[in-house]
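The values are calculated or read from the model by the stated rules, or taken from the named source; none is laboratory data. Source: prediction; values computed, not measured. Neighbour counts are summed over all protein chains in view; Cβ atoms, including those assigned to glycine, are modelled from backbone coordinates with ideal geometry. All accessible areas refer to the heavy atoms of the entire protein, side chains included, with ligands and DNA or RNA removed. Shrake-Rupley method; radii C 1.70, N 1.55, O 1.52, S 1.80 Å.
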Amino acid sequence: MGEHIQRFTELRPLLFTIAYEILGSATESDDVLQDSYLRWAEVDLAQVRDAKSYLAQLVTRQALNALRAGARRREEYVGPWLPEPLLLDEHDPATDMVLAESVSMAMLVVLETLSPDERAVFVLREVFGFDYDEIAAAVGKSPTAARQVAHRARGHVQARRPRFTPVDPAENARITEEFMTAAAGGDLATVLSMLSPDVVWTADSGGKASAARRPILGADKVARSIIGLLRIGAQQPDVRAEMAVCNSAPAVLLYRAGQLEGVFTVEIVDGLITNFYAMRNPDKLSALAAAREITRS
């Protein structure tokens with residue numbers, strides 16, 4: 001059992017990332033890894049030539065099962081569905097995850113538009129570089145079929161997210177803080193100057209918290225909405241905000257009476273804010289709230 005644990009622990013960051021990118025949920029990814037480990041613990045290691053490939057295939061199959069099992073729940077979801085935000089800092093094992101773009105909220109939103117097989121194949125091939133024989137074993141297809149799925153998925157992703165500009169985390173954090181200061185002060189002109197003309201505000205509440213049921217489009221509408229939200233928050237003494245990094249992007253964590261009530265992730269391209277992703281669904285905040293508490297302890 002010691003060798004099983006060692007190999008699984010060494011590969012856990014990779015395995016978690018695979019599950020998270022397929023599912024868009026840290027909570028469900030943890031469940032997949034727990035179930036995968038129980039299966040792994042029964043494996044005869046003498047029969048395993050490549051633990052990384054074997055475990056990646058195992059986790060992919062379990063993640064696909066979970067994704068398909070939750071398909072109806074997503075179809076019946078109230079309002080926009082956003083991936084569960086993932087807290088990233090030096091205390092979190094997720095800091096070992098590769099390729100910041102692959103865990104960005106914007107990329108995860110694009111992955112939500114793919115079919116389960118397309119999503120899994122794209123993640124395994126484009127993010128982690130597994131060969132088609134390994135991918136085929138993970139998704140239950142022939143290598144030729146896996147290659148065709150990969151080509152189709154790559155085209156869908158490129159059409160929806162054609163470019164990725166490398167970012168400076170410190171610069172993005174500065175822009176976000178300046179924006180929040182201007183918005184909190186009601187400085188509409190400055191706020192507008194920091195927004196892309198076609199900026200989008202997307203909120204996920206699952207019908208369990210107050211939030212816009214449809215995306216808000218355009219700089220003027222988004223600016224006025226954010227200024228209004230901050231003005232309301234400022235009138236409540238038990239509300240506070242903290243800066244953090246979620247999904248490799250600046251994020252604002254909103255607390256009320258000590259409870260995490262919202263996570264607002266900011267996407268910045270060429271110095272302008274292009275997207276706000278607002279998570280208000282309490283079911284999708286619990287894992288992040290717990291992770292935040294761990295970093296403080």
(request) With respect to Y77, determine if the residue is under 23 Å from C246 (Cβ atoms) and either open to solvent by 80 Å² or more (accessible area, probe 1.4 Å) or not in a helix (DSSP H, G or I) (or both). (result) yes
(message) Given the criteria touching a Pro at 6+ places or on another chain (Cβ under 8 Å) and within 24 Å of V103 (Cβ to Cβ), does V263 qualify?
(response) yes
(message) Here's a check for you: in region 221-260, which residue that is of a type in the set (S, T, N, Q) and touching a residue at least 40 places away in the same chain (Cβ under 8 Å) is surrounded by the most Cβ atoms within 10 Å (Cβ to Cβ)?
(response) N247
(message) Can you tell me how many residues within region 63-73 are closer than 20 Å to I18 by Cα and open to solvent by 30 Å² or more (accessible area, probe 1.4 Å)?
(response) 5
(request) From G228, G207, grab the single residue that is on the phi > 0 side of the Ramachandran plot and either assigned by the TED database to the domain that holds P250 or at pLDDT below 90 (or both). (result) G207
(request) Could you please give the count of residues in region 138-148 that are part of a helix (DSSP H, G or I) and closer than 15 Å to R119 by Cα? (result) 6
